[in-house]
Amino acid sequence: MKLPNASQAIISKEKLIDYVLSETHSTGRFKAKFFRVLGFNKTNVSLFEKALHTIVTHEEVKDISTTMYGTKYVIDGKIKTPSGKIVTIRTIWIIERDQNRPRFVTVYPV
């Protein structure tokens, strides 16, 4: 199954910069360390955003869970990094209650 309305997915550049790629965010800094070694940073955040968009629109949903905020979807996919490596990452998306557009929540190395 594909993520419903995947082509309309919202990926906040601010979230990528201030959380996933932030070396000072309390939890994001651990993700930042991984992604920065692969060549992702604030100057090429658009490449990261594009990679996430490719995953959400092309890959199958791996898991679904319902929370008080809406329905969360887990989607794994491979991305080519600026360093030239190809890595598998796990992305989490949510479609909030009374909404129909999925929104990027977080990403993890697999």
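Over all directions, what mean area does the Cα convex hull of the chain project, stated in square nanometres? Write down the numbers at each step before the final one.
Values: hull surface 26.3 nm².
Orientation-averaged projected area of the Cα hull: 6.6 nm².
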**Asked** Under 23 Å from the Cα of Lys72, which lysines turn up, not counting those fewer than eight places away in the same chain?
**Response** Lys2, Lys13, Lys15, Lys31, Lys50, Lys62
**Request:** Quantify, in whole percent, the carbon and sulfur part of the accessible surface of the stretch 1-96 (1.4 Å probe; protein heavy atoms only).
**Result:** 54 percent
**Message:** If I fit a long axis through the Cα atoms of helix 45-58 and take the longest principal axis of the Cα atoms of the chain, what angle between them do I get, 0 to 90°, rounded to 10?
**Reply:** 40 degrees
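Quick one: work out Rg over Rh on the C-alpha atoms of the stretch 21-86, Rh as Kirkwood radius.
When Rh is taken as the Kirkwood radius, the ratio is 1.02.
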**Prompt:** Hey, what did the chain get for relative contact order, percent, Cα under 8 Å, at least 6 apart?
**Reply:** 28 percent
**Item:** Residue of Ile86, Ile17, Ile75 that the Gaussian network model of the chain assigns the largest fluctuation, springs spanning Cα pairs under 10 Å
**Value:** Ile86
**Message:** With a 1.4 Å probe and all protein chains left in place, how much accessible area per residue does the chain have, in Å²?
**Reply:** 58 Å²
**Asked** What residue among Thr81, Thr43, Thr66 shows peak mean-square fluctuation when the chain is described by a Gaussian network model with Cα springs under 10 Å?
**Response** Thr43
**Prompt:** Within the chain, what's the longest stretch lacking trypsin sites (Lys or Arg not before Pro) that sit in DSSP loops with no more than 11 other Cβ atoms inside 10 Å?
**Reply:** 1-84
**Complete:** Any chymotrypsin sites (Phe, Trp or Tyr not before Pro) in the stretch 46-109 that lie in a DSSP loop and have at most 12 other Cβ atoms within 10 Å would be Tyr69
**Message:** Using only the alpha-carbon atoms, how far is helix 28-37 inclined from the longest principal axis of the chain? Give it as 0 to 90 degrees, nearest 10.
**Reply:** 60 degrees
**Complete:** With DSSP loop assignment and no more than 12 other C-beta atoms within 10 Å, the GluC sites (Glu not before Pro) in the stretch 14-110 are Glu23, Glu60
**Asked** Who wins for biggest fluctuation among Ser83, Ser22, Ser12 in a Gaussian network model of the chain, springs between alpha carbons below 10 Å?
**Response** Ser83
**Complete:** Note, the stretch 78-90: 3J(HN,Hα) by Karplus (6.51, -1.76, 1.60, θ = phi - 60°), whole Hz, Gly/Pro = x, goes 9, 10, 8, 9, x, 7, x, 6, 10, 10, 9, 10, 10
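The values are calculated or read from the model by the stated rules, or taken from the named source; none is laboratory data. Computed from a prediction, not measured in an experiment: that's the story for all the values here. All Cβ positions, even for glycine, are placed from backbone atoms using ideal geometry, and neighbour counts span all protein chains on display. Accessible surface areas use protein heavy atoms only, side chains included; no ligands, DNA or RNA. Shrake-Rupley method; radii C 1.70, N 1.55, O 1.52, S 1.80 Å.
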